[in-house]
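The values are calculated or read from the model by the stated rules, or taken from the named source; none is laboratory data. The shown structure was predicted, so the numbers you read here are calculated from the model rather than taken from an experiment. Cβ placement follows ideal geometry from the backbone for every residue including glycine, while neighbour counts extend to all protein chains displayed. These area figures cover heavy atoms from the full protein model, side chains too; ligands, DNA and RNA do not enter into them. Shrake-Rupley method; radii C 1.70, N 1.55, O 1.52, S 1.80 Å.
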Amino acid sequence: MYTTLLLAFSSFLGQSHGLNVAQSQTTRRSFVESSATIFGVVTLSPKRATAASSSIADRLGSDILKQPPITAGTKFNGHENLYFPDYMEGEWDAVQTLVSTKAPLGLKFIGGPQGSLDVAQKTMDEQSKRVNEQVHLKLRFVKTIFGVVEDRAFNLRSRLDSFAGKSVVASVNYADVKESNRASVLASGGTEDDPLTTTLVYFKGPAAQKTFVISHGQDPLDKQYEWSGYELDRSIFALTNNSIAPPVTTDTEVIYSFSKVGSDRVEGKLRLAGYLNPQSDSLYFEAQNRAVSITDYTLTLKRPNSS
């Protein structure tokens, strides 16, 4: 399902003019799905939201995953967010390495809105070329009165630009939603700088993408060192020119497992599970809420200037 961002984005920019609706949807969806591989964002709360397993960490080892139920808005506090272990606070030099990519339900399910086998095979071939490829990027986590959270705006730009190999992001802004909004954060004692969970990205081209967190959960922190959590993101990608093609919606589950291995080093695993969406995919009901693509990465985070 996940082609490389740079190729997909270049294809999108080069072909967005003069396409018919069906062609434009396929091209835009390829870009949305590729960008999902680099978001790596998480917003977590109690593990009542886990699906198909009592442990989120177990979801890193199964190829049969069911889409988690929606949990967004269940706290009613207006400042839902991921609260990472304290050891994640600060800036990191990160390396993200692709180790495997799978289509557990078959190729047709990763073939775009119409289930094209040709599109699916090209997507899988392109992704397979990236196995063992390392991407270097900067990540930042900040301390708030609620806990340590991801600096989403900084990290999202870093991921998108790093995976593209050049600057592709024009701006990243936070957007207010009921589950996470500036007014509620301030009313609860937070600050204007505290990250929210919904992001709006404008690219250096006629495109924008808004990403919402619609489900989240975590395992208990094990001995203050081991941590696992997941987030289900719903992304809406749209052209910002005069195209008549409708927006494309995708759902991606991000599953993390982190382990502190020293004062300046964290090792982890990242799994991206792609699910079909009823608004965009003709095979949605056939998929039965199961993951149609699974992409696994390793993560290594080191403090800047550490050995």
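Overview of values
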{"read-out": "Per-pair calculated FRET efficiency, R0 = 41 Å: Asp193 and Asp125 via Cβ, rounded to 0.05", "value": "0.40"}
{"read-out": "Per-q log10 I(q)/I(0), the range 248-307, q = 0.24, 0.28 Å⁻¹ (Debye; single scatterer per alpha-carbon; no solvent)", "value": "-0.92, -1.08"}
{"read-out": "Links that overshoot a 21 Å alpha carbon limit, given the list Lys143/Lys302; Lys210/Lys260; Lys260/Lys302; Lys122/Lys210; Lys143/Lys260", "value": "Lys210/Lys260; Lys122/Lys210"}
{"read-out": "Additional length obtainable on full extension of the chain from Thr97 to Asn289, 0.36 nm per residue less Cα span", "value": "66.4 nm"}
{"read-out": "Karplus 3J(HN,Hα) series, Hz, for the range 118-133 with 6.51 cos²θ - 1.76 cosθ + 1.60 (x for Gly, Pro)", "value": "5, 4, 4, 5, 5, 4, 5, 4, 5, 5, 4, 5, 8, 4, 6, 6"}
{"read-out": "Residue-by-residue Karplus 3J(HN,Hα) for the range 239-256, coefficients 6.51, -1.76, 1.60, Hz, glycine and proline x", "value": "6, 10, 9, 8, 4, 8, 5, x, x, 10, 10, 10, 10, 9, 8, 10, 10, 10"}
{"read-out": "Highest-first arrangement of 152-162, 198-208, where packing means the average Cβ count within 10 Å", "value": "152-162, 198-208"}
{"read-out": "Model label zone, Leu200; criterion: amide N under 12 Å from point 7 Å along Cα-to-beta-carbon; scope the range 206-248", "value": "208-211"}
{"read-out": "Over the range 180-295: Rg over Rh, Cα atoms, Kirkwood Rh", "value": "1.05"}
{"read-out": "Per residue value of the accessible surface for the range 147-267 (all protein chains in place, 1.4 Å probe), Å²", "value": "39"}
{"read-out": "Protein accessible area in the range 93-214, 1.4 Å probe - carbon and sulfur %", "value": "51"}
{"read-out": "Extended-chain gain in nm, criterion 0.36 nm per residue less alpha-carbon gap, Asp264 and Phe76", "value": "64.1 nm"}
